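Rule-based calculations on the coordinates, nothing more; no lab input. Note that the structure is predicted; figures quoted are calculated from it, not measured. A quick note on method: Cβ atoms are made from the backbone with ideal geometry, for glycine too, and the neighbour counts reach across all protein chains shown.
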Amino acid sequence: MKALKKREDIDRRYKWDIEDMYPGREAMEADISKARTLAKTFTEMKGQLTKSSSNLLQALRLHDEIWQTIERAYVYAHMKQDEDNRVEESQAMNSMAYTAIAEISAMTAFATPELLSAEDGLLLSYIAEEPALETYRFYITSLLREKEHVLSDAEERILAQMSEITSAPDEIFTMLNNADLRFGTITDEEGEEVALTHGNYIKFMQSHDRKIRQTTYETIYNKYKELLNTIAAAYQYSVKTDVVTARIRRYDSARDAALYSDNIPGSVYDNLISVIHETLPVMYRYMDIRRRLLGLDKLQMYDIYVPLIQLPKRVIPYEEGLDIIRRGLAPLGEDYIHRMNEGLQDGWVDVYENEGKTSGAYSFGSYDSKPYILLNYADTLQDVFTIVHEMGHSMHSAYTRESQPFIYGSHSIFTAETASTVNENLLMKYLRAEEKDPQMQKYLLNMHIEEFRTTVFRQTMFAEFEQKTHALLEAGGQLTPEGMSDIYAELNRQYFGPHVVTDDLIRYEWARIPHFYNAFYVYKYATGYSAATAIADIILEKGPEDYLRFLRTGNSDYPIELLKIAGVDMSTEAPIRRAMKTFTELVDRFEEMTK
């Protein structure tokens, strides 16, 4: 049986350089202590924040220092736990950092109500009076916009103190999913017994051996079915938290609350679902092509991920994958490639799966750390695309942190998902343009279609599920395990169409989706990929200058305005329709090539 390696058995060059943040726990705890001390100093300014422009500037700078310090400690602790979720010391560190964030949130919660209680026009007049406050103009105007949803000082303190409790559903699911859940073993294509994990699940679902796909699928979803009541309770309370918090803050709905801070109109969410629904007949046609090429009367859900063009098994070692990425991203220019190469040599990436390691992949870091990447690399072409996706996030962070102050040094998910999927689009375009072998051309074409299916259609289906569960609770209904499974089963039937069997297990898929614990997040994958489809074309036609300018903007304006710098207007249906036109053309071409 192939067992996962222990963390200590993985070569150092394939691990991230987390020690660059702190040499160990003591240094992290020192920053937590420093942040608490700074927060105490900040509380001494209560009642004085808007007395003068100099007071306001001092308060905003101190506030930034507090959060820059505690952010660094939290990121380190979180990443340390992700290395191996079973290590109790790492769990304790993560809990300690999160507790400190909750405490500091409560200590500093008076600031927003106090700033918003200032006389109309006072804060803006201070900007005119004190040039150094110009940095904070967008922050202040954004704050003023949210005035009607900010509570009193006492109420804000209560909500801040409750954050440690309201995060419980996510924490419970994370520990259950990553630390406690075991799927057992299956027999792989070489006849060896292998531990089934989050990390290799998709690899087995892409197997050309249908029995392996079926066994993998049934093993995974039967396990979630066994735990359905526990997971349903966690998710139900996550939704309740969203709904109650939105009501407390006087939003019309939890969705409105989630979209408001980014100034995203609800029409953007609705436009996405509407245009995707219009394009579902094309998805049904693609499913029929899939059914035909697999030689099946009906597709089962475990037939959805297998590549339709069978090629000799290709192992792509990590270093070879990086070389492919360098060539694919060449249109982004020499500076982009040089910075990326430096990061790859400088300990940005944690490459391979180990026992207890958090599943999946992400880009993470603090304002003054490296933009780290967690992977579970398994030597497939899909893993190469995972690297290029996460590298898009990390390069976005690198450019932004170099150009923006701390207060604008992060990104909304809305813009972040564009940066990651621009990279995916460029890599795919490169591979398809360079490939000469007809079979490999068809393989890549199928893979490109699958990117649309998984990133646009699937995430939009998830977005509908979130909308339906929250709306049901807001209308006074109850979220029961089977009720949520019914909602999911119906959406699955609608999105996949008549050529795919909606079996008795797929109804439980919602129970394994960690993104649902960050409500109204997943739709941004779909909008981001749609924007990226257009931006990749612009880069190839006109060069990367406007796009690189966009990467440097961070959170210095609302997402829709920032994306206009890169050449797309997401307030309209146009980018979604352009993406769906591309999807339709890909399906047409694939159908023609596979007749």
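Read through the labelled values (1) 1.11; (2) 0.97; (3) 2.21 and report the label of the one computed as Cα Rg over 2.2 N^0.38 Å from the structure. Recomputing Cα Rg over 2.2 N^0.38 Å here picks out (2). The range 281-333 and the range 473-529 have Cα centres separated by 24 Å. Loop-located GluC sites (Glu not before Pro) in the range 1-98 (DSSP state not H, G, I, E or B) with no more than 12 neighbouring Cβ atoms inside 10 Å: GLU44. Scalar couplings 3J(HN,Hα) for the range 470-476, obtained by applying the Karplus form with A = 6.51, B = -1.76, C = 1.60 to θ = phi - 60°, are 5, 5, 4, 5, 5, 8, x Hz; x denotes Gly and Pro. The count of lysine pairs in the range 27-162 whose Cα atoms are under 25 Å apart, excluding pairs fewer than 8 places apart on the same chain, comes to 5. Near THR185, the amide H atoms lying under 5 Å from its own belong to LEU196; only residues 5 or more places off or on other chains count, and H is placed 1.01 Å from N.
Residues whose amide H falls under 5 Å from that of VAL349, counting only those 5 or more places apart or on a different chain, are ASP17, ILE373, with hydrogens built in the peptide plane.
Cross-linked pairs LYS542/LYS564; LYS225/LYS468; LYS298/LYS429; LYS15/LYS313: Cα-Cα separations exceed 24 Å for LYS298/LYS429; LYS15/LYS313.
Take the Cα radius of gyration of the range 87-175 and divide it by 2.2 N^0.38 Å, N being the number of residues; the result is 1.43. Based on the Stokes-Einstein relation at 10 °C and a viscosity of 1.306 mPa s, and on the Kirkwood radius from alpha carbon pairs, the range 7-166 is assigned a translational diffusion coefficient of 91 µm²/s.
From least to most packed, judged by other beta carbons within 10 angstrom and beginning with the fewest, ILE304, ILE337 follow the order ILE337, ILE304.
What is the ratio of the Cα radius of gyration of the range 123-223 to 2.2 N^0.38 Å, where N is its residue count, to two decimals?
Cα Rg divided by the expected 2.2 N^0.38 Å: 2.04.
3J(HN,Hα) along the range 385-400: 5, 5, 4, 5, 5, 5, 5, x, 4, 5, 5, 4, 5, 4, 5, 5 Hz, from the Karplus curve 6.51 cos²θ - 1.76 cosθ + 1.60 with θ = phi - 60°, whole Hz, x for Gly and Pro.
Ordering of 443-455, 409-421, 200-212 by packing is 409-421, 443-455, 200-212, highest average first (other Cβ atoms within 10 Å, averaged per residue). Phi angles of the range 116-132 translate, via the Karplus equation with coefficients 6.51, -1.76, 1.60 and θ = phi - 60°, into HN-Hα couplings of 7, 7, 5, 4, 3, x, 5, 4, 5, 5, 5, 5, 5, 7, 10, x, 5 Hz per residue; Gly and Pro are given as x. Size descriptors for the range 495-595, from the alpha-carbon set: Rg then Dmax equal 17.7, 50 Å.
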